[in-house]
1. Given the Cα-Cα distance of Arg26 and Leu44 and 0.36 nm per residue of separation, how much length would full extension add, in nm?
2. Over all distinct alpha-carbon pairs, what is the Kirkwood Rh of region 1-42 in angstrom?
3. For Leu97, what charge total do you get from the other residues with a beta carbon under 15 Å from its beta carbon, if Lys and Arg give +1 and Asp and Glu give -1?
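Read-outs throughout are calculated quantities, based only on the coordinates presented, and are distinct from any laboratory measurement. Nothing here was measured: the structure is a model prediction, and the numbers come from that model. With ideal geometry, Cβ positions are generated from the backbone for all residues, glycine too; neighbour counts draw on all protein chains shown.
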Amino acid sequence: MGWDADDVALLKKLWSVGQSAAQIARRLGCSRNAVCAKLTRLGLKRGHKPPTAKPKIRPVPKRKPALLAACARPVDRIMSTRKPGVRQPEEFTKSQLEAMLAEAAANTARLPR
């Protein structure tokens, strides 16, 4: 499309009034892309709409450090220092292990077949 002075003037007027590129294109009888390209070449931009809400920025309140209890109450005393978990197996001497092995062998020999 060839843009003459009248078309450019009408384009600027309609754009400043607030019409969309599609509305201007229908009025001028050209495509929306042609209107958008001409607006870009002319350096015409729409201002961004101001935000509808104006949020207030508040400082983050300082928090007290967490106490020992999960419920954030002071703890009178610690009940146990051991953590629940897997117990370590007892350690046996060599003679104890040999005695257990002999007992197991004797018990298996007595089983009926």
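1. Length difference between fully extended and current span is 4.6 nm.
2. 9.9
3. Value of the local net charge: -3.
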